[in-house]
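The values are calculated or read from the model by the stated rules, or taken from the named source; none is laboratory data. Note that the coordinates shown come from a computational prediction; the quantities given were computed from them, not determined experimentally. Heads up, the Cβs are rebuilt from the backbone with ideal geometry, glycines too, and the neighbour counts pull from every protein chain shown.
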Amino acid sequence: MGITLEKISKSYDGRAVLKNLNLEINQGEFHVLLGPSGGGKTTTLSVMAGLTEQDSGSVSIGGQDVSNLSPDKRRIGFVFQDHALFPHLTVFDNVAYGLRVRRIKGHEMTRKVENYLSKVSIVKEKGKFPHQLSGGQKQRTALARALVIEPEILLMDEPMSSLDAMTKETVRDELKSIQQEIGVTTVYVTHDHNEAVLLGDRVSVLNNGRVEQIESPSELFHHPKTEFVARFIGIKNILKVSLIEINNHEATVRISSNGPDQSVTIRVKKYPIFGKGKEINLCIHPKKIMLKREDEAVDDNLNRIRGKIVKKTNNGNGFMAIVDIGGTTLYAAIPTNFDCKVYENVWVCFAPDAPHPLCGKKCRAAETKRRCLKE
Amino acid sequence: MKSLSFDLTVSLIAGIFVCLIVLPMLALFTTTSFGELVRQLKSPLVLSAVLISLETSLTVVFFALCLGIPVAYLLAMKDFKGKEILDTLVDLPICMPPLVAGLALLILLGGNSKFGGMLNNHGINLIFSKKGIIIAQLFVSIPFLIKSARDAFESINKNVINASLTLGASKFYTFKKILLPLARNGIYTGMIMTWARALGEFGATSMVAGCIPFRTETMTVAIYQNAMSGELAASTAVALLLLVFSFTLLLVFKSRVKI
Ligand SMILES: Nc1ncnc2c1ncn2[C@@H]1O[C@H](COP(=O)(O)OP(=O)(O)OP(=O)(O)O)[C@@H](O)[C@H]1O
Ligand SMILES: [Mg+2]
């Protein structure tokens, strides 16, 4: 079943934490809620589960309004940020708790518990108490405990924040495959955009009590719609430009963040929000920028800007060159076969459709047509 | 040199404190012999005082649990209007002189008041009875249970309670299976302190229940009565027995707190 939040508002002591928040999550979807600390992620989950009462707005699960149902009636599994295992119960009894509540006893109960313990591979730990477990094992226990009741919706609040990188990777892969196997609609909260890409079918970015953008991970990462989303997902290449000339399909813009004597104009694909003389923000994904040597030929269709490599870094996803194009710096992915040195002069090349405006509007309507082109 | 003399002064003061506590107790032990002690403890009057004390104080612990746990739960888990007032009411009996509490109860329950008169008409007379003792002891000792249980409830991770709710458990089931077991140590501590307070209660009890031998004479009342009428041996015997009870409770309390 899907879950829908409609116009949810919530404030604490007069400070608005959620502001008219709308969110629609489809049946069987792995939905990632991405956002900075204090953005209202936990509050959103808590409202979904009925643990926090919203000031206004409604929550429905599978089309049925559950706004007035208490948490124990909502058929939701919740994995808490701090695991929240029952400290006085063993791993087995922690997992069995939800079944005992439902008066499932004896052989059937044992079978179900063992089944989920083995799904998350902690069968060996079943006799231990929470304080005898490692972080990863606590994590797995909490997951098994939430799944064993076969909930309609699984809510997970930064479940991996306390794990080391290696364990994170294993648990993440297991989590994804378990979710696909049982097909439970999942809402997963994180502030780590890598997790969002790796886990999410769709990602929504929550900022300051609002959803700024909902999109598939690849769409989100290549076409962020607001400066906040762009910066939050780690996009460094944001160009401030002013529009000089607009044709049928293309526009000519001047990069205004460069100094006046370093004026550079480029051609970009036309978008509906373009208007002559307007100042807008464009972003370019580092992977869409090609670096070429000064003596290399460049395709006429591409934009070409002279630049100088000022630094090389590795952000974990490969090497990046930071190129100064005259007052503005751009990050460009360095292909493995491209050998370059710091302070080398290069051409920064990209296609006119590589830059994307941070317009704040949806690119895709529900029927996945590009709305931008029509408007 | 300076710091040495400072340490010495502090140690001397601590020594005075130790004397303050230990000397009176030694005095108690030296006034009596073992044979005399046994003889006194076998006397019917002393025996009845011990039994009355145990009966009333244990009943008080039971009622304190029944009344105190819900109040502690309310104070720990809920936000409501008048919470501060309830909170102050819990502290009040601890600060209030027991004699004042006793007087208030005497007036309320006595036949001259409306409430007491109503009870009397229904054949219930709480004054000068064991029931009166229980009410007086409950009044002064229940705050210890409430405060201790409340702290225990409050120290439980809220998400653990939320986890139980999202797993489908009702509030009552959660209370039974999560809150009570996790607050167990705090509740035990509260019970022990309540019992100790009830056992040692004198002021309010004697006001409400008087000192009727074999009927309302508790151990503390017996100590006072015997001492005032010159029966030092009997008084000492009861006092020593009460000390043994207190020490045992203290030991149990200390070992609980460590867990
Ligand atoms: N019970 C509460 N009382 C008062 N303020 C609260 C309460 N719960 C949350 N808040 C406030 O609401 C805001 C959003 O909190 P929330 O826990 O939803 O953020 P979050 O996105 O989950 O952050 P994090 O990533 O740090 O967990 C914060 O500013 C927080 O201080
Ligand atoms: Mg949070």
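Scanning segment A:230-276 for residues that are touching a Ser or Thr at 6+ places or on another chain (Cβ under 7 Å) and surrounded by fewer than 20 Cβ atoms within 10 Å (Cβ to Cβ) yields A:240, A:242, A:244, A:245, A:252, A:254, A:256, A:257, A:258, A:265, A:267. The lone criterion from (1) modelled with pLDDT under 90; (2) within 11 Å of chain A (Cβ to nearest Cβ) left unmet by residue B:129 is number (2). Can we say residue B:146 is within 11 Å of chain A (Cβ to nearest Cβ), crowded, with 21+ Cβ neighbours inside 10 Å and among the β-branched types (Val, Ile, Thr)? When the stated conditions are applied, residue B:146 does not pass them.
Filtering segment A:83-99 to residues that are touching a helix residue (DSSP H, G or I) at 6+ places or on another chain (Cβ under 6 Å) and facing chain B (nearest Cβ under 8 Å) leaves A:84, A:85, A:86, A:87, A:88.
Here segment B:153-186 is the region considered, the condition is being within 19 Å of the chain's Cα centre (by Cα) and surrounded by fewer than 21 Cβ atoms within 10 Å (Cβ to Cβ), and the residue that is nearest to the other protein chains (Cβ to nearest Cβ) is B:184. Counting only helices (runs of 4 or more DSSP H) that sit wholly inside segment B:15-121, those with at least 3 residues that are in contact (Cβ under 8 Å) with a residue 60 or more places away in the chain and touching a helix residue (DSSP H, G or I) at 6+ places or on another chain (Cβ under 9 Å) are B:34-41, B:44-77, B:98-109. Those helices (runs of 4 or more DSSP H) of segment A:148-241 in which 2 or more residues are within 16 Å of ligand 2 (Cβ to nearest atom) occupy A:193-199. Take segment B:205-256 and flag every residue that is more than 21 Å from the chain's Cα centre (by Cα), surrounded by fewer than 17 Cβ atoms within 10 Å (Cβ to Cβ) and β-branched (Val, Ile, Thr). Within segment B:205-256, just B:212 meets the criteria. Of all the numbered requirements in (1) surrounded by 15 or more Cβ atoms within 10 Å (Cβ to Cβ); (2) more than 16 Å from ligand 2 (Cβ to nearest atom); (3) away from chain B (no Cβ under 14 Å), residue A:34 misses one, and that requirement is (2). Report yes if residue B:60 is among the β-branched types (Val, Ile, Thr), in the same structural domain as residue B:236 (by TED's automatic domain parsing) and within 29 Å of residue B:225 (Cα to Cα), otherwise no. Yes; evaluated as a whole, the condition is true for this residue. Do the conditions hold for residue A:113, that is, is it touching a helix residue (DSSP H, G or I) at 6+ places or on another chain (Cβ under 6 Å) and either at the interface with another protein chain (Cβ under 10 Å from one of its Cβ atoms) or in a loop (DSSP other than H, G, I, E, B) (or both)? So residue A:113 fails the test.
One residue stands out among those in segment A:72-97 that are over 23 Å from residue A:134 (Cβ atoms) and crowded, with 22+ Cβ neighbours inside 10 Å: the one that is farthest from ligand 2 (Cβ to nearest atom), which is A:74. Every condition in (1) buried (at least 17 other Cβ atoms within 10 Å of the Cβ); (2) on the phi < 0 side of the Ramachandran plot; (3) within 14 Å of ligand 2 (Cβ to nearest atom) is met by residue A:40 except one, and the failing one is (2).
Among residues that are assigned to a strand (DSSP E or B) and more than 29 Å from the chain's Cα centre (by Cα), residue A:309 is included. Answer yes or no: is there a residue in segment A:2-20 that is free of Cβ contacts under 8 Å to residues at least 40 places away in the same chain and within 15 Å of ligand 2 (Cβ to nearest atom). Within segment A:2-20, one or more residues are free of Cβ contacts under 8 Å to residues at least 40 places away in the same chain and within 15 Å of ligand 2 (Cβ to nearest atom). Only one of A:17, A:91, A:79, A:101 is in contact with an Asp or Glu (Cβ under 7 Å, 6 or more places away or on another chain) and over 22 Å from residue A:183 (Cα atoms). Can you tell me which? Unique residue meeting the criteria: A:91.
Within segment A:182-212, being in contact (Cβ under 8 Å) with a residue 60 or more places away in the chain and more than 16 Å from ligand 1 (Cβ to nearest atom) holds for A:183, A:184, A:185, A:186, A:199, A:200, A:201, A:202.
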